[in-house]
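The values are calculated or read from the model by the stated rules, or taken from the named source; none is laboratory data. Remember, predicted model here, so these are calculated numbers, not experimental data. Cβ coordinates were reconstructed from backbone atoms using ideal geometry, including for glycine residues, and neighbour counts include every protein chain displayed. The accessibility values were calculated without ligands, DNA or RNA, using every heavy atom of the protein model including side chains. Shrake-Rupley method; radii C 1.70, N 1.55, O 1.52, S 1.80 Å.
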Amino acid sequence: MQLGMAFVARDVVVILLSEKWLPIVGFVQVFALTGVFHIVTLPAAPLLTARGRADLNIRFSSLFFLLTSAAYLIGAPWGLAGIATGWLIVFPLLRLYLLWLGLKEVNLSAASYFKNLATPALAAGVMGIVLGALPFITHDFHLVERLASSVVLGAATYVCCLLVIDRKLGEELKTMAAEIFAVSRHQTSQVGEG
């Protein structure tokens, strides 16, 4: 989602806020891209809590507050661009540090962790290529049509890539769907009998 938001930021800003807000598009894109670091490192904090290491979460949160505040204060004289630059420098480093704390807690190497992210990363990369090329096709579309086509095509590309690359995932999804539909049919037949 974060990568996709970086590609559709202009259309989203114009639709939701109006053209006078176009100068913030770059900032939306920066925050969307740094959000990737949040997603990649998301399991770390709950993992630490589950392992009884809430103390590390509290220390990390304190460090996060201090360093991001310092980055904002240092960047503030340059306005929003300075603050965004501070965020762009500090946020990814802090999130990677949190991930390191979590991986260290469970004795998992960064290489093993990132190896498991290879499939979604590849799917996101293919989606990025498609979304990057899409404006050449949709430049004459109405704004809402362009945004809708970007969202639908981006999501479809990502899902299709996942299913092509990871056949086991496809089989698991088919099994889950079959179980859901079997339960649904059973409940529907019980309602009809009652």
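Points worth noting:
- Reported to the nearest whole Å, the Cα centre-to-centre distance from segment 4-41 to segment 81-115 is 21.
- Taken one residue at a time, the phi angles of segment 127-137 give Karplus couplings (6.51, -1.76, 1.60, θ = phi - 60°) of 4, x, 4, 4, 5, x, 8, 4, x, 5, 8 Hz. Gly and Pro are set to x.
- Cα gyration tensor, segment 78-159 - rounded (a/c under 1.5), prolate or oblate: oblate
- Here segment 1-156 is treated with +1 on each Lys and Arg Cβ and -1 on each Asp and Glu Cβ, and its dipole about the Cα centre works out to around 480 debye.
- Each of G125, L93, L147 was scored by the projection of its Cα onto the charge dipole of segment 85-186, and the greatest displacement toward the positive side belongs to L93; charges sit on the C-beta of Lys, Arg, Asp and Glu.
- Global geometry of segment 1-104, whether rounded, prolate or oblate, following the gyration tensor of its Cα atoms and the 1.5 cut on a/c: oblate
- Where segment 1-100 is the region considered: accessible area per residue in Å², 1.4 Å probe: 59 Å²
- Whole-Hz couplings from phi, Karplus 6.51/-1.76/1.60, listed for segment 138-144; x for Gly and Pro: 9, 4, 8, 5, 5, 3, 5
- Area accessible to solvent at Y72, 1.4 Å probe radius, in Å²: 80 Å²
- Dividing the mean sequence gap of close Cα pairs (under 8 Å, 6+ apart) by how many residues segment 1-71 holds gives a relative contact order of 26 percent.
- Kirkwood hydrodynamic radius of the chain, from inverse mean 1/r over distinct Cα pairs, in Å: 20.0 Å
- Carbon plus sulfur fraction of accessible area for the chain, probe 1.4 Å, in percent: 72 percent
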